[in-house]
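What follows is calculated from the coordinates using simple rules that are stated; it is not laboratory data. Predicted model, so just to flag it, every value in this text is computed and none were measured. So basically every Cβ, Gly included, is an ideal-geometry build from the backbone, and we count neighbours across all protein chains shown.
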Amino acid sequence: MGVKVYGPPMSTCTARVISTLEEMGAEYEVVPIDFEAGEHKQPPHLARNPFGQVPAFEDGDLMLFESRAIARYVARKYKSSGPDLLREGNLQESAMVDLWLEVESQQYNPAIAPIVYQCLVIPMRGGVADQKLIDANVEKLGKVLDVYEDHLSKTKYLAGDFFSLADLSHLPYTHYFMATPYASLFESRPHVQAWWQDLSSRPAVRKTAAAMPTSR
Ligand code: GS8
C-alpha cells in the first residue's frame, strides 16, 4: 500500500515531501488539509503533527512530521527505485549532503521564507507587506547566495557533482521566491541561476511546482 501525505500540495513544506516522493517514483496519496477552516489545529490532525502544522506523513503504523525528516525517510524507503538522494554508501558524500541540508534549513530558509510570506502570502490575504522586514531579509539572503555562488562555481550541485536531497530541498521556497520582485538576486549570480534552472527543469520538480500557484 502507498504512503499518505497530509497537507495542501501548495504549502512549501508539503511540497518538499511531494517532490521527494515524485523523484523516487513512489506511489502516494495526498490527503488535503483545509487550512482556511483551521483543520490543522483540530484533534485529528494534532494527533498526526502535535505542532498543528503540515505536513504529516503516514506509512502503515509509522507517523512522521517535519518535512526534511520525512523527505529523508522517503529517500531511504524508495532508494532502489529512484536517484540516490542521500549517498549513504559513501561517508564523505553523505556528510556533504547532510551539511547542505543543514545550510538549507539553517541559513537559506530563515532568509527566504519571510520574503515569500511578505511578498506573496500577505497580499493574497488582503494585507500589506512589511517592507523593512523584506529589505532586511533580502540583504540576508544575498549574503547566503554569495556563498552559494562561490560554492557552485566549483561543483555542479550543492553536495558535489551529483544531484541530492540537499538541492531538492530548496525547491519549495525558491519556486515562490522567483515570483517576487527579488528574483534578480538569482539572475545576478550565474552559477546559482544555472543551478536553479537545472533543478526546476527536473520532471519531478515541474510536476510538484504545477500544484503551487504563485497568485490567486
Ligand atoms: C515546518 C512546518 C510548517 O511551518 C517542517 O515540516 O519542515 N519545520 C516544519 N508548516 C506550515 C506550512 S509551510 O508551508 C504550517 O503548517 N503553518 C501553519 C501554522 O503554523 O499554523
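What order do you get for 145-155, 109-119 when each peptide is scored by the mean count of other beta carbon atoms within 10 Å, highest first?
Values: 145-155: 15.4, 109-119: 20.1.
So the order, starting with the most tightly packed, is 109-119, 145-155.
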**OP:** Can you tell me which of 162-173, 193-204 comes out highest on packing, and rank the rest after it, using the mean Cβ neighbours within 10 Å?
**Re:** 162-173, 193-204
Original post:
Can you give the relative contact order of the chain as a percent, counting alpha carbon pairs under 8 Å and 6+ residues apart?
Top reply: 23 percent
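Going from the alpha-carbon gyration tensor of the chain, what semi-axes, largest first and in whole Å, does one get by taking the root of 5 times each eigenvalue?
Numbers: eigenvalues 135, 119, 39 Å².
After scaling each eigenvalue by five and taking roots: 26, 24, 14 Å.
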**OP:** Bin width 10 Å, alpha-carbon pairs only: give the P(r) of the stretch 46-169 as whole percents, running from 0 to the bin holding the largest distance.
**Re:** 12, 31, 33, 21, 4
Subject >> Exposure proxy ranking, count of Cβ atoms within 10 Å, fewest first, for Met124, Met10 >> reply: Met124, Met10
**OP:** Subtracting the Cα-Cα distance from 0.36 nm times the residue separation, let me have the gained length for Glu187 to Gln92 in nm, one decimal.
**Re:** 31.1 nm
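Quick check on the chain: helices-only [θ] at 222 nm, where DSSP H runs of length 4 and up contribute -39,500 (n - 2.57) each and the sum goes over total residues. Nearest 500, please. Don't skip to the end; give the middle numbers.
Values: 11 runs with 103 residues, N = 216.
Calculated from helices alone, the mean residue ellipticity at 222 nm is -13500 deg cm²/dmol.
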**OP:** Using a Förster distance of 30 angstrom, determine the FRET efficiency expected from the C-beta separation of Asp146 and Met63, and round it to 0.05.
**Re:** 0.15
